[in-house]
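A.B. asks: Dropping the structure in here first, questions after.
The values are calculated or read from the model by the stated rules, or taken from the named source; none is laboratory data. Bear in mind the structure is a predicted one, so any value in this text is a computation, not a measurement. Cβ: placed from backbone, ideal geometry, glycine included. Neighbour counts: every protein chain shown.
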Amino acid sequence: MNKKKKNIQPHWRPNFVNQSELPDIKVVRTDFIINIIAVACALSLVSVLVQREYRTKVLTDTIGRMEQTIEDGASRDRTSLQHNQRFRQSAEYVLEVGKFMDAPFLAHEMIRDLSLIKPADLIFRTLSLTEEVTGRGNSRQIGYRINIAGDALSLTALDDFKRILSTASQLQIPGFTIDVDENIQGRDERTGIFPYRMTIIMTPGAKPGAKAGGAS
């Protein structure tokens with residue numbers, strides 16, 4: 001059988017105690033713990049920010065030093081490249097001078113002689129000397145080419161110059177055979193001149209079939 005619940009009556013004496021005026025008798029105060037946690041979090045955040053700023057500054061300084069090092073290295077490289085380029089140019093000049101000195105004729109005298117024997121109606125625009133190497137080892141031989149480019153006022157002047165070159169004493173170089181090759185462009189309708197290119201080929205040795213001269 002279910003027991004009947006008894007009616008519980010409240011205390012007959014009312015409680016007149018004011019809880020807000022009672023002293024705090026807790027062993028550890030809650031407000032104090034919250035303040036410590038807040039201060040610890042703030043200090044941790046400040047520490048993280050300081051470390052981040054420090055690392056950023058160190059990284060910025062490192063990048064600045066590296067960029068300065070790269071700039072200094074680039075400046076030295078540019079200076080070295082300029083010196084190297086000047087050296088290469090000087091070396092090319094020395095090689096060109098060596099070619100002139102090794103040639104079986106004096107280049108400046110050859111240019112002067114060609115200018116003197118050319119017809120008046122023939123104009124030199126450019127004149128250059130190049131060398132050709134044939135053979136290998138002990139059979140290595142060096143030939144030369146005098147390249148002339150200019151303008152001819154008439155085709156007759158060009159033919160006369162070729163005939164002069166074939167018999168010119170300036171081109172009678174011992175041990176070399178002389179051939180003349182020419183290339184004439186079309187006549188300029190406006191000026192009436194004939195642009196041309198001419199090559200004087202100096203080949204080591206005598207022409208095939210040529211006989212050496214001598215006393216009979």
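A.B. asks: Which of the numbered conditions does residue 164 fail, given that it passes all the others? Conditions: (1) in contact with a strand residue (DSSP E or B) (Cβ under 8 Å, 6 or more places away or on another chain); (2) modelled with pLDDT of 85 or more; (3) of a type in the set (A, V, I, L, M).
C.D. replies: Among (1) in contact with a strand residue (DSSP E or B) (Cβ under 8 Å, 6 or more places away or on another chain); (2) modelled with pLDDT of 85 or more; (3) of a type in the set (A, V, I, L, M), residue 164 violates only (1).
A.B. asks: Give the number of residues within region 143-190 that are small (Gly, Ala, Ser) and assigned to a strand (DSSP E or B).
C.D. replies: Adding up the residues that qualify gives 4.
A.B. asks: Mind checking which residues of region 125-169 are surrounded by fewer than 16 Cβ atoms within 10 Å (Cβ to Cβ), under 24 Å from residue 186 (Cβ atoms) and free of Cβ contacts under 8 Å to residues at least 40 places away in the same chain?
C.D. replies: 125, 126, 128, 155, 156, 159, 162, 163
A.B. asks: Here's something else I'd like to know. Where residues in region 175-197 are surrounded by 11 or more Cβ atoms within 10 Å (Cβ to Cβ) and of a type in the set (Asp, Glu), which of them is farthest from residue 131 (Cα to Cα)?
C.D. replies: 188
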